[in-house]
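Trainee: Would you mind keeping the following structure in view while I ask a few things?
The values are calculated or read from the model by the stated rules, or taken from the named source; none is laboratory data. All values reported here derive from a predicted model rather than from experimental measurement. Cβ placement follows ideal geometry from the backbone for every residue including glycine, while neighbour counts extend to all protein chains displayed.
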Amino acid sequence: MIKDYTILAWRNLRKRKLRSWLTAIGIIISIATIFVLISISIGLQSAVEEQFRMLGTDKFFVQAKGQLGALGTGGAVELTGKDVEAIKKVRGVKEVTYFVAGNARIEYNEQTKYVIVMGLDLETSDMFLESGSLEPIDGRALRTGDERSVGLGYDYKYGKVFDKPIDVGDTILINDVVFKVKGIMSRVGNPSDDKNIFMPEADAREIFNIPERVDAITVQVNQGEDIREVADLVDRKLQNTRGVSEKTKDFDILTPEELLGAFGNILNIITAFLAGIAAISLVVGGIGIMNTMYTSVLERTKEIGVMKAVGAKNSDILWIFLIESGLIGLIGGIMGVVLGFGVAKLIEYIVVNQLNTTLLRAAAPPALIFGCLAFAFLAGAISGIWPAWRATKIKIVDALRYE
C-alpha cells in the first residue's frame, strides 16, 4: 500500500512541478546551510584531532595562569627557568623543553613585517619541533652552538610573507640584528604557526631583554607512565616551589585530552548556535509546505470525494498527503545536500588557497548525508499533518458538489 501511496503522491507532485520546486526552496536552503555548518565542524574537529595525534599522548604543557594574550607579551605572572629545573626533578618526567617569545620587527628585501619570534633551548629543541610536528624541509634545524641563526616557518619561502621568498643562506634583520637562515620548517597548516621564526634562546633573551621569563613549558613523560598522574606530580611540585596553594595557583597544566575537550566544547557551542539560526529557515520552509499542501487539499476536494466514494478510507487519504509533503521535503533535502556539499568544498578550496591553512576541511560522512535527508523528509511530513488531517474531514457529498 505504501508503494501505491508513494506513486500517487509523486504523480500529484509532477502535475504541479513549478509549485513543488518553489515550495522546496526553503528546505533546500535550510538543509544546505545545516550541512555546510556540520560538515565544516566535523572536518575541523578531525583536523585538530589529527594534530593532537601527531603531538602524541606522552606530552603535556605548563604555562602561566591567565596567559590569554599574544605570545611574548608577558603578564603579571611568569614562569622562569627555576620552574623548568623543578619539573625536571619530578618522578616520571623524561624530558622538558621550553621557549621564550617576543614580538619582533622583521626586515627583508626593504620590506618590514611584525611577527612572533621564539627562542628555543637548543639542547632540547628536537622535542619542541616534534611536539609541533615540525621538521626542516630545506637546510637544517638549529643545533647547539648556533648563534645569530634562525629557522623560518614554511610561509617565508613558499608563502607570501614577503614579495621575495627567503631561502636557506639568506640574512634577515630582526630588531635591527642580522640573522642567517639555517633552515625552512615543514608546513603546519596554520597560517600563524607557518610564520613563526625560531632562534637560539640566548639570542632571544638578548634582543627582547627577557632575562628570566619562560613563556611555555612542554613536558614529556617516560614510556608506560600515566600522563595524568605525572601531571598531578608536577602540579604539586610547582605549587610547593612557587609557594602557592590550590586556590592561589598561578599556573595551568594542560594535557592533550583537556585541550582537545576544551576546543570541542567551544566548537560544539558555535555549531549549535549557527545550526539554530539555520533551523529558522527550515521552519519557514515547513510553513511553505503546509501552505502548499493546504492549497492542494482545496484544489483536490472533488478528487478526494471521488476516492472516498469508491472506498478510500480516511487513513488512505491521510497517508497520501503525508507522503506527498514528505516527498517535497525529501526532494528539497537531496538538493540541499548537493548544494551544501558544493558550498563546503568551495569554502575549503578558498581557505586552503587564500588563507594557506589545511585545518578547515569539508567532511561528508554517510551519517551526515542520510541524517539530513531523513530530517528533511520528516520536516516535510510533519508540515503536512494539518492539511492531511483536513483532507480526511471532507465529506463525500460536499466534495462531489465542490466546484
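Trainee: If I go through the range 172-214 residue by residue, how many of them are over 26 Å from the mean Cα position of the chain (by Cα) and either surrounded by 15 or more Cβ atoms within 10 Å (Cβ to Cβ) or outside any loop (DSSP other than H, G, I, E, B) (or both)?
Mentor: 26
Trainee: Next question. What's the number of the only condition in (1) in a helix (DSSP H, G or I); (2) over 25 Å from the mean Cα position of the chain (by Cα); (3) at pLDDT below 85; (4) not polar (S, T, N, Q) that Glu403 fails to meet?
Mentor: (1)
Trainee: Report, by residue number, each residue of the range 215-248 that is surrounded by 15 or more Cβ atoms within 10 Å (Cβ to Cβ) and part of a loop (DSSP other than H, G, I, E, B).
Mentor: First, pick out the residues of the range 215-248 that are surrounded by 15 or more Cβ atoms within 10 Å (Cβ to Cβ): 215-221, 225, 227, 230-231, 233-235, 237-239, 242, 244.
The answer is Asp215, Glu225, Val244.
Trainee: Look at Arg143 and say whether it is surrounded by fewer than 18 Cβ atoms within 10 Å (Cβ to Cβ), part of a strand (DSSP E or B) and not aromatic (Phe, Trp, Tyr).
Mentor: The answer is no for Arg143.
Trainee: Take the range 100-119 and flag every residue that is more than 16 Å from Asp215 (Cα to Cα), part of a strand (DSSP E or B) and not hydrophobic (A, V, I, L, M, F, W, C).
Mentor: Within the range 100-119, Arg105, Glu107, Tyr108, Gln111, Thr112, Lys113, Tyr114 meet the criteria.
Trainee: Given the condition surrounded by 19 or more Cβ atoms within 10 Å (Cβ to Cβ), in the same structural domain as Leu120 (by TED's automatic domain parsing) and part of a strand (DSSP E or B), answer yes or no: does some residue in the range 157-166 qualify?
Mentor: No, the range 157-166 contains no residue that is surrounded by 19 or more Cβ atoms within 10 Å (Cβ to Cβ), in the same structural domain as Leu120 (by TED's automatic domain parsing) and part of a strand (DSSP E or B).
Trainee: Looking only at the range 103-116, count how many residues are crowded, with 17+ Cβ neighbours inside 10 Å and touching an Asp or Glu at 6+ places or on another chain (Cβ under 9 Å).
Mentor: Matching residues across the range 103-116 total 1.
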